[in-house]
Amino acid sequence: MKKLMALLLVLVLSLSFAACGSTGNTSDDGQQAGDNQEAQDNQEENGSSSEEPVELIVFAAASMTETLTEIGEKYMAEHENVTITFNFDSSGTLKTQIESGAECDIFISAAQKQMDELDITSDANPDGLDFVLSDTRLDLLENKVALVVPEGNPKGITSYDALAEALNAGDVFMAMGNEDVPVGQYTQKIFAYYGLDEATLAANGLITYGSNVKEVTSQVSEGAVDCGVVYSTDAFSAGLEVVDTATAEMCGQVIYPAAVLNITQNEEAAKAFLDYLQSDEAVAVFEGVGFSPAF
């Protein structure tokens, strides 16, 4: 009888311990579930779980390569769901690619001409192209057209006045952009200012051409020419000596327009990045190489 009572006592105690253990686990599980829900709520509140991945494709003038690459990296670090892919080339080439059906969310040109030719509201749009998203176009930056020389300045070119004299004398070999490249178009205006005939200069072997400003910059850096006409920002990035900059009277203002394109599939994200390009953080990068804000 005593053995039976002992066995019953052991059984009752075992059941009690099991019940206590079960109750404790339920409490722990409940606490863990609560913690998980709180973390999820916090994550949703911060927006990290609700933001869909976005890829932005930005077509920009070659002279913006260094600055936009740096700004893009800063932006992506702050917006982990956004990936930005840049296509840098001459503005004329980029305009042709857009016209031919290339995917692009934002276009930044080194001159108004190429943007005008994509903007249905512009009078300078002979083909009636319609790619610019209404109310997103703005003048973003201003640059300068710089006369640069290779290390040592072997021909002693000190100004645009000196360049004009050397060209008239047939005593210099210079690099410039093609006629469909904005920096080339600005150079043509400088020739007109000095009364120089480009065709004659080219026929006399005094000019070589680059398909974009980076090619012109490289020719000067390598010492393949006596001088070249590029943007001040490219001269800064390449460490070239600037001996003169053109005035507005010589070639007009060098304004970089920017716009979201109406072919974008990511309108809100594109507008947000265009807004960021006008922020103090982005402007500091642009000004660091010689750009000035134009907005």
- Item | Relative intensity, log₁₀ I(q)/I(0), of the stretch 90-218 from a Debye sum that treats every alpha carbon as a point, q = 0.22 Å⁻¹ | -1.29
- Note on the structure: Among Ala224, Ala258, Thr247, the residue whose Cα sits farthest towards the positive end of the charge dipole of the stretch 203-258 (+1 at Cβ of Lys and Arg, -1 at Cβ of Asp and Glu, taken about the Cα centre) is Ala258
- Taking only C-alpha positions in the stretch 240-295, Rg and Dmax in angstrom work out to 15.1, 45
- Ratio for the stretch 167-295, C-alpha Rg to 2.2 N^0.38 Å, reads 1.25
- Message: So for the stretch 77-220, averaging the separation of alpha carbon pairs under 8 Å that are six or more residues apart and normalising by length, what relative contact order in percent results?
- Response: 20 percent
- Item | Relative contact order %, the stretch 161-287, counting alpha carbon pairs below 8 Å whose residues are six or more apart | 23 percent
- Message: Probe of 1.4 angstrom, ligands and nucleic acids ignored: what's the accessible area per residue over the stretch 129-243, in square angstrom?
- Response: 42 Å²
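The values are calculated or read from the model by the stated rules, or taken from the named source; none is laboratory data. Values in this document were obtained by computation on a predicted structure and should not be read as measured data. Cβ sites come from the backbone with ideal geometry, for glycine too, and all protein chains shown count toward neighbours. The protein model used for the area step is the full one, side chains on, heavy atoms only, and it has no ligands, DNA or RNA in it. Shrake-Rupley method; radii C 1.70, N 1.55, O 1.52, S 1.80 Å.
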